[in-house]
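Taking it in order: structure first as structure tokens, then the write-up.
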Amino acid sequence: MAFRWNQRFPPEHEEPEPPPLWLYVGVFVVLLVIVAGATILSWPKGKPVDSSDLLRTAVAAPVLLGIALNALIYALTYGAPAYEAAIRNGARRDLLNAWYRNGRMGMAVLDSVVLTPEPDLAERMLKLEGSPPDNPGKVMRLDSIEAGPEKSRRCVMLEKLLTPLIPRLAGAMRSESFDIVLQCDDEEPANDIKTVWQLLELPGVPCIRQVGNDTNPGFAAVWFEDETYEPYAYYSSRVYPAPKYRLVLAWHLNDDAAEAPPVASEAAAALLLGTWKLMSEKPDTKRQAWLLRQIESEADRVDTSLELLLRVKQVEPERIHHLWYSRLKGLAQHSTLGAIRDANIKVEEHALDPAIGPQAPVARWLLMALAARMAHFGQGAQLIALPDPKGVVLNLVVREPDTVTLPWPGWYDQMYSIIPLAYLTACVSMSFLGFIMSPNKEWGTFETVISCVSVFLVAAGVAVHILMRRVHRDNVWFEYG
């Protein structure tokens, strides 16, 4: 089932008030007065008053009857309502925890490399080192990428992207759960990747898949979705699970031989990503940051999508310190910045386009890598805003995702017992009452009937108690889950 940002939840039920103590005391007093008075008034003349029959009838009987009545009063006025409230609240808590957990799904950035026209771009934009670059409207070139006698610019670029990742890539290939995804404008770039792969003496032959620039990554259960919603387009007979490791390569290189002037600056990014499953299996795996589940909306609905993003508590709003955005224009940019201001999120804004010129679709991954690097450097959570065919897509990059476990009040434990203690107390008290009031001196039919009825009532009570537990829980899940 698809994740629902606007998931509804049932209201939380408060613990009902138990009956006051004076009510229980009053039941005992009234029964003692009535039963003891009636017993004494009807006591046969000449029969000794120190007889065990008087003690049994005037004292033991009303006490046992009082225990049974008080247990039933407790069960009906507090036990049953509190039991229903606890079960429904427990189901609500499970539903909320599952929603929070799914809302924080994403991918770990194990390592990343960026190539931009301006060096140390992330550190300079955050004013950690040097001054922020300022190149509005200037189409910039990757001057560090030059073709060689036997290498194209693309091969040189790929070599620069992959070389820092060699140790991590070798380990990922040994896992046998690894592939490469390309997002670029070039045609048939896979051969160059395989050539550079062999040149760097990386093990094996990676599976390579190219997706369009308009394909949005799903930073959750499904990594990328194509028109057939299959994780691999090159398999036809069956659908395979997404790999645990995925290397994303994205770039934009201008054609020097093209007649028309370039319209976007050059840039490249490589991100080695790990699934949530991988991080669960190997929690000590080093990573830079997490790319959390993204939310998409129309340009004029960014305020709603931001509110939903914050509602799932991927991170507390006060931990969001920086906003990165690129390629947003007109309504999309104004509504995004306005929604952030209205949400009272105090962030520093970092626009990529004025820093290194007009951007191509590679800006998506460039921003992810820059934000991951800054989250890794302890600069807090990073919010990213990008254009999307629907309007605007938002997602958070954090050093580590928050964990939320809703509180478990103590009265839940008491009510969650599968044994209805108050009901059992009433049944046992009535059974003892039947035994002590029996006229038989030895075990007989009367006692057997009482025992069988008691066992049946206890079993029926437990069965109904368990059944109602299932009914209350299912009602919550059917209505809200």
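Please arrange SER112, SER144 by how many other C-beta atoms lie within 10 Å of their C-beta, fewest to most.
Fewest-to-most Cβ neighbours within 10 Å comes out as SER144, SER112.
In vacuo Debye scattering of the range 278-325, one point per C-alpha: log10 I(q)/I(0) at q = 0.14, 0.22, 0.25 Å⁻¹?
Summing over Cα pairs of the range 278-325 leads to -0.51, -0.95, -1.07.
Quick check on packing: order 280-289, 352-361, 397-406, 114-123 by the mean number of other C-beta atoms within 10 Å, highest mean leading.
Sorting 280-289, 352-361, 397-406, 114-123 by mean packing, highest first, produces 352-361, 114-123, 397-406, 280-289.
Compute the length gained on full extension between GLU187 and ALA460: take 0.36 nm times their separation in residues and subtract their Cα-Cα distance, giving the result in nm to one decimal.
Here the answer is 91.1 nm.
What pairs in LYS282/LYS313; LYS160/LYS329; LYS127/LYS346; LYS194/LYS390; LYS160/LYS390 have C-alpha atoms more than 27 Å from each other?
LYS160/LYS329; LYS194/LYS390; LYS160/LYS390
Quickly rank 448-460, 148-160 as a protection proxy: mean count of other C-beta atoms within 10 Å, highest first.
148-160, 448-460
Residue separation times 0.36 nm, minus the C-alpha to C-alpha distance between ARG470 and LYS194: what's the value?
The ARG470-LYS194 span can extend by a further 93.7 nm.
Hey, rough spin-label estimate for ASP300 and ASP402, points 7 angstrom out along Cα→Cβ, what's it come to in nanometres?
Taking the simple label geometry, ASP300 and ASP402 are separated by 3.2 nm.
Along the charge dipole of the chain, pointing to its positive end and built from +1/-1 on Cβ of Lys, Arg, Asp and Glu, which listed residue (THR448, ASN213, ALA381) has its Cα farthest out?
THR448
Just grab the label-to-label distance for GLU17 and GLU348, each label 7 Å out from Cα along the Cβ direction, in nm (one decimal).
Rounded to a tenth, the inter-label distance reads 5.5 nm.
Using +1 on the beta carbon of Lys and Arg, -1 on that of Asp and Glu, and nothing else charged, what's the dipole of the chain about the Cα centre, debye to 20?
Computed charge dipole of the chain: roughly 1740 debye.
Taking only the alpha carbons of the range 105-398, what extent do you get along each of the three principal axes, in Å, biggest first?
Taking max minus min along each principal axis of the Cα atoms, the range 105-398 gives 52, 46, 37 Å.
Report, in order of residue number, the helices in the chain meeting two criteria: a C-alpha extent of 27 Å or more along the helix axis, and a mean Kyte-Doolittle hydropathy of at least 1.0; treat each whole DSSP H run as one helix.
Answer set is 21-41.
State the antiparallel share, in %, of DSSP beta bridges confined to the chain, rounding to the nearest 5.
Of all bridge pairs located within the chain, approximately 60 percent are antiparallel.
In debye, nearest 20: dipole of the range 73-196 around its Cα centre with unit charges on the Cβ of K, R (+) and D, E (-)?
Dipole of the range 73-196, to the nearest 20 debye: 740 debye.
Take peptides 377-388, 323-334 and line them up by average Cβ neighbours within 10 Å, highest first, as a rough protection proxy.
377-388, 323-334
Please give the length that would be gained between GLU129 and CYS207 if that part of the chain were fully extended, namely 0.36 nm times their separation in residues minus their C-alpha to C-alpha distance (nm, one decimal).
Separation in residues times 0.36 nm, less the Cα-Cα distance, equals 24.2 nm.
Taken together, the values in this text are just the output of simple stated rules run on the coordinates, not laboratory data. This is a predicted model, so every value here is computed, not measured. For neighbour counting, all protein chains shown are included, and Cβ atoms are generated from backbone atoms with ideal geometry for every residue, glycine included.
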